[in-house]
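One structure is given here, and the rest of the page talks about it.
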Ligand code: ADE
């Protein structure tokens, strides 16, 4: 799996790429994260990537040509070109498992007040939002999608058995939904201040595997329906 990010802020991804699990996954050649500076695809001395909107209006608009050129240069294999915008379809666990089937994903990180509509219409395959709120651009959404999709690539998150245990077998969900249940570790009782006692549920200390499994099922929340 190849993740390709087109951005005017490539430095955003420096530490993200070096984060332990993603770093190890890249070293193991399970995935690669390639960051492209949009300015490298713009003509002229000044590397202009945005201009004033036609018809007037506030702020600047991201130009179509550099984005088109960048996508053309990167595109190969079985790919999906995704433009991040708050008006796009909402990202879910289900969409992540669809993305995990591609060889290559290309992310266009919009910035400024907007992008030329022709990017959405002709360059991108789809517009994606990570939630009903407005961020400063597509860089944080790109990281959210990369983390979510990476976890689904076998070998990326070490303990495959652990992953399997949490995969819901609920019908019609293709095994891609996750059960997220509350977890505890030592100490069994924590008394942060006088009169308070934060305890671990007794069932988890019981050694009764059947009762524990039932508790997990009952308390678990299914993510990615
Ligand atoms: N760009 C700005 N806000 C966004 C959001 N919520 N999702 C995706 N891209 C965005």
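Can you go through 118, 80 and tell me which one is in contact with a helix residue (DSSP H, G or I) (Cβ under 9 Å, 6 or more places away or on another chain), in contact (Cβ under 8 Å) with a residue 40 or more places away in the chain and not in a strand (DSSP E or B)?
Numbers: 80 fails: not in a strand (DSSP E or B).
Of the residues listed, the single one that is in contact with a helix residue (DSSP H, G or I) (Cβ under 9 Å, 6 or more places away or on another chain), in contact (Cβ under 8 Å) with a residue 40 or more places away in the chain and not in a strand (DSSP E or B) is 118.
Condition check: in the same structural domain as residue 29 (by TED's automatic domain parsing), at pLDDT 95 or above and part of a loop (DSSP other than H, G, I, E, B). Does residue 112 satisfy that? Let's see the steps before the verdict.
On the way: in the same structural domain as residue 29 (by TED's automatic domain parsing): yes; at pLDDT 95 or above: no; part of a loop (DSSP other than H, G, I, E, B): yes.
Considered against the rule, which asks whether it is in the same structural domain as residue 29 (by TED's automatic domain parsing), at pLDDT 95 or above and part of a loop (DSSP other than H, G, I, E, B), residue 112 comes out as no.
Do you know which of the residues in region 17-32 that are closer than 11 Å to residue 1 by Cβ and part of a loop (DSSP other than H, G, I, E, B) is nearest to the chain's Cα centre (by Cα)? Before you say what the answer is, go through the steps one by one.
At the first step, the residues of region 17-32 found to be closer than 11 Å to residue 1 by Cβ are 25-26, 29-32.
Retained after the next criterion (residues that are part of a loop (DSSP other than H, G, I, E, B)): 29-31.
Details: 29: 19, 30: 16, 31: 14 Å.
Only one residue tops the list, namely 31.
Among 47, 69, 78, which is the only one that is more than 17 Å from residue 9 (Cα to Cα), away from the ligand (no atom under 15 Å from the Cβ) and either at pLDDT below 95 or not assigned by TED's automatic domain parsing to the domain that holds residue 6 (or both)? Before you say what the answer is, go through the steps one by one.
Details: 47 fails: more than 17 Å from residue 9 (Cα to Cα); 69 fails: either at pLDDT below 95 or not assigned by TED's automatic domain parsing to the domain that holds residue 6 (or both).
Matching residue, one of 47, 69, 78: 78.
I'd like to verify a number: residues in region 127-146 that are within 16 Å of residue 6 (Cα to Cα), in contact (Cβ under 8 Å) with a residue 12 or more places away in the chain and within 12 Å of the ligand (Cβ to nearest atom), how many?
In the first step, residues of region 127-146 are kept if they are within 16 Å of residue 6 (Cα to Cα); the result is 127-128, 136-146.
Still in the running and in contact (Cβ under 8 Å) with a residue 12 or more places away in the chain: 127-128, 136-139, 141-146.
From what is left, the residues that are within 12 Å of the ligand (Cβ to nearest atom) are 127-128, 136-139, 141-145.
Final tally of qualifying residues: 11.
Given the structure, is residue 64 more than 30 Å from residue 156 (Cβ to Cβ) and away from the ligand (no atom under 16 Å from the Cβ)? Outline the logic, then answer.
Numbers: more than 30 Å from residue 156 (Cβ to Cβ): yes; away from the ligand (no atom under 16 Å from the Cβ): yes.
Yes: the conditions hold for residue 64.
Does residue 105 meet the test of being modelled with pLDDT of 90 or more, within 13 Å of the ligand (Cβ to nearest atom) and either surrounded by 15 or more Cβ atoms within 10 Å (Cβ to Cβ) or assigned to a strand (DSSP E or B) (or both)?
On the way: modelled with pLDDT of 90 or more: yes; within 13 Å of the ligand (Cβ to nearest atom): no; either surrounded by 15 or more Cβ atoms within 10 Å (Cβ to Cβ) or assigned to a strand (DSSP E or B) (or both): yes.
Judged against the criteria, residue 105 is not a match.
The values are calculated or read from the model by the stated rules, or taken from the named source; none is laboratory data. Note that the structure is a prediction, hence the values are computed from the model and not measured. FYI the Cβ positions are ideal-geometry reconstructions off the backbone, even for glycines, and counts take in every protein chain you see.
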